[in-house]
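Throughout, read-outs are computed from the coordinates displayed, never taken from laboratory work. Here the structure is a predicted model, which means the values were calculated and not measured.
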């Protein structure tokens, strides 16, 4: 189990991380390996097994950690009752549109 933080509700989330690390480590790219198997070519410097395992674990993590639908605790959902009305939208380019119309009339 890996403890992550849910990106929806920002509460802890336990994720079952499981990866299958199985490589044929060879020193030449021309070595034949069984079909359907992965190989890792190591020419020159030695490869540390911990680096391979670390990479696989990182790749096994979800891109965005979040609870399943409906599993986020509702006690952490914040609703701002003083928020502006939905119709009041900020329009940052409204002033530019006015300037454009002004120059068209000139």
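By the Kirkwood approach, averaging reciprocal distances over each pair of separate Cα atoms, region 32-73 gets a hydrodynamic radius of 14.0 Å.
Length gained on full extension, residue 53 to residue 31, computed as 0.36 nm times the residue gap minus the Cα-Cα distance: 5.6 nm.
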